[in-house]
Structure formats: C-alpha cells, structure tokens
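Notes for the one structure printed next.
The values are calculated or read from the model by the stated rules, or taken from the named source; none is laboratory data. Just so you know, these numbers come straight off a predicted model, no measurement behind them. Cβ coordinates were reconstructed from backbone atoms using ideal geometry, including for glycine residues, and neighbour counts include every protein chain displayed. Heads up: the accessible areas ignore ligands, DNA and RNA and are worked out on the full protein's heavy atoms, side chains in. Shrake-Rupley method; radii C 1.70, N 1.55, O 1.52, S 1.80 Å.
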Amino acid sequence: DLAITVITAFLWLVSTSAWAKALADIKMSTGASIIPGIESCKAPGATCHFASVTSMGTLNVSVVFGLLNMVLWGGNIWFVYKDTNLHN
C-alpha cells in the first residue's frame, strides 16, 4: 500500500506539472503575441487586430485542483506509512 501511495502521489505531481506546462503553452499560442508571426499580417497595407480569447479560468482551476490532489496524496503517504511495520 505504501509503495502504491508514493507512486500515485508522484504521478499526480508529474501529470499536474505536465498539464500546467501545456496550459502555459496554450496560453502563449493563443495570445496576442502570435500576430507578428502571421505572414498575412506582414503584407503591406494589411492590419491585424487581436480581438479576444476565451476565458481560461476553468483550466487554471484544473491545475490548482491537480496540485491540491497531489498534496492530499502526499499527506496520505504519512498515514499509510504509520500503518506499516517500518514505523515503530
């Protein structure tokens, strides 16, 4: 049980970190900073305006809940450890 709990907590940490990095990349790829890189916007006489982007608040919340879940699994490690023979 202890090994499974440690592995699960570690996997939550890794997966939440990967999702946070992917979310940061999504925000960068859909932000106003992409306009200078668009070829049609570089044409003479062309004007490109960045109107808006969808709210990403729920995606931010998913990262926060992932971190909170990792903390929960990390706390569970202590209680599982106390039930093993390793703890006297």
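Points to keep in mind about this one:
- Here's the list of aspartates and glutamates a cross-link from residue 82 could span, going by alpha-carbon distance under 12 Å and ignoring same-chain residues fewer than 8 apart: 1.
- 27 Å Cα-Cα reach of residue 42 towards lysines, excluding residues that sit fewer than 8 places from it in its own chain: 27
- Compared with the direct C-alpha span, the chain from residue 64 to residue 52 gains 1.9 nm at full extension, assuming 0.36 nm per residue.
- Helix 57-82 axis, angle to the chain major axis (alpha carbon atoms, nearest 10°): 10
- For residue 11 and residue 88, the FRET efficiency from 1/(1 + (r/R0)^6), where r spans their Cβ atoms and R0 equals 41 Å, is about 0.90.
- Using a simple spin-label model with pseudo-atoms 7 Å out from Cα toward Cβ, residue 78 and residue 29 lie 4.0 nm apart.
- For region 1-46, the solvent-accessible area with a 1.4 angstrom probe is 69 square angstrom per residue.
- P(r) histogram, all alpha-carbon pairs of the chain included - 5 Å bins from 0, percent: 2, 12, 15, 13, 11, 10, 9, 7, 6, 4, 4, 3, 2, 1, 1, 0
- Accessible surface of the chain, 1.4 Å probe, proportion on carbon and sulfur as whole %: 70
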